[in-house]
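So the structure is just underneath, and the comments pick up after that.
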Amino acid sequence: MAIRKILEFPDPRLRTRAAIVPAVDGRIQTLIDDMFETMYDANGIGLAASQIDVHEQVIVIDLSSDGSAPRVFVNPSIEVIDETLDGFEEGCLSVPGFSEAVERPKAIKVEALDRDGRPVDETVTGLLAVCLQHEMDHLQGKLFVDYLSPLKRQRIRQRLEKEQRRKA
């Protein structure tokens with residue numbers, strides 16, 4: 001397992017659409033392991049492969065506080081079940097140090113493959129629904145800042161660019 005570098009907004013690679021995973025094989029399972037290690041190291045609860053510059057449809061999520069509930073979604077698709085919007089304060093490992101309220105559908109159905117290539121088909125609500133929708137956005141080249149006003153998005157961009165220049 002390896003900790004991978006997480007791309008940060010406004011890196012243009014975050015806008016790349018992820019490709020379908022042709023097979024859940026050893027390469028993908030190694031990627032999944034690396035993604036969990038990277039996510040846990042960064043104190044996150046979700047990570048899309050796109051965030052580590054691997055543009056394939058893989059998402060890892062663990063909503064537990066102790067790393068005991070890892071979930072994997074390969075080639076996920078979602079369908080809105082309840083269009084009622086819930087507002088959650090969202091943060092993102094690719095937009096470090098910022099969080100904003102984003103409204104998303106309350107309940108979704110997700111279909112995907114797990115880490116062993118077995119089908120996943122379930123309806124989810126609450127934080128898992130929010131997290132899945134957030135990570136699905138990454139696979140489509142979209143970030144949570146895209147839901148914000150242009151002014152807020154520009155301010156976040158400027159602060160992150162300034163921080164990135166300082167670190168360089």
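The values are calculated or read from the model by the stated rules, or taken from the named source; none is laboratory data. If you're wondering where the values come from, they're calculated on a predicted model, not measured in any experiment. Here the Cβ positions follow ideal geometry from the backbone for every residue, glycine too, while neighbour counts run over all protein chains shown. Surface accessibility is based on the protein's heavy atoms, side chains included, excluding ligands, DNA and RNA. Shrake-Rupley method; radii C 1.70, N 1.55, O 1.52, S 1.80 Å.
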Discussion item. Quick one: 3J(HN,Hα) in Hz for segment 32-37, Karplus 6.51/-1.76/1.60 with θ = phi - 60°, rounded, Gly and Pro as x.
Written reply: 4, 4, 4, 5, 4, 4
Worksheet item: If you average the sequence gap of Cα pairs under 8 Å that are 6 or more apart and divide by the length of the chain, what percent do you get for the contact order?
Response: 24
Worksheet item: What list of ³J(HN,Hα) values in whole Hz, one per residue of segment 99-115 in order, does the Karplus curve 6.51 cos²θ - 1.76 cosθ + 1.60 (θ = phi - 60°) give from phi, with Gly and Pro shown as x?
Response: 8, 8, 6, 10, 9, 9, x, 5, 9, 9, 9, 10, 10, 6, 10, 8, 5
Discussion item. Give me the one-decimal nm value for the distance between modelled label points at ARG27 and ALA2, 7 Å along each residue's Cα-to-Cβ direction.
Written reply: 1.4
Discussion item. Can you say what percent of the DSSP beta bridges in the chain, counting only those with both residues inside, are antiparallel? Round to 5.
Written reply: 95
Item to complete: Please report how far the C-alpha centroid of segment 102-168 lies from that of segment 6-67, rounded to the nearest whole angstrom.
Response: 12
Worksheet item: How do the peptides 153-166, 37-50, 61-74 rank, highest first, by the average count of neighbouring beta carbon atoms within 10 Å per residue?
Response: 37-50, 61-74, 153-166
Discussion item. Treating only the Cβ of Lys, Arg, Asp and Glu as charged (+1, +1, -1, -1), what charge dipole size does the chain show about its Cα centre? Round to the nearest 20 debye.
Written reply: 980
Item to complete: Note down the net charge around ARG4, summing +1 for each Lys or Arg and -1 for each Asp or Glu among other residues with Cβ under 10 Å from its Cβ.
Response: -3
Worksheet entry | Phi to ³J(HN,Hα) by Karplus 6.51 cos²θ - 1.76 cosθ + 1.60 over segment 129-137, Hz, x for Gly, Pro | 4, 5, 4, 4, 5, 4, 5, 4, 4
Discussion item. Between ALA19 and ASP53, what's the calculated FRET efficiency when r is the beta-carbon distance and R0 is 22 Å? Round to 0.05.
Written reply: 0.95
Item to complete: Could you please put MET35, MET1, MET136 in sequence from largest to smallest accessible area, using a 1.4 Å probe?
Response: MET1, MET136, MET35
Practice prompt. Quick one: of LYS109/LYS142; LYS5/LYS109; LYS106/LYS162, which pairs are farther than 25 Å apart, Cα to Cα?
Written response: LYS5/LYS109; LYS106/LYS162
Discussion item. Quick check: net charge around SER77, other residues with Cβ under 13 Å of its Cβ, Lys/Arg +1 and Asp/Glu -1?
Written reply: -4
Response to the item:
For segment 61-122, the Kirkwood Rh over every pair of distinct alpha carbons, in Å, works out to 13.6
Practice prompt. Please give the calculated 222 nm ellipticity per residue for the chain, where each DSSP H segment of at least 4 residues contributes -39500 (n - 2.57) and the sum is spread over every residue; nearest 500 deg cm²/dmol?
Written response: -9500 deg cm²/dmol
Discussion item. With Kirkwood's inverse mean 1/r over C-alpha pairs for Rh, give me the Rg to Rh ratio of segment 59-168, two decimals please.
Written reply: 1.01
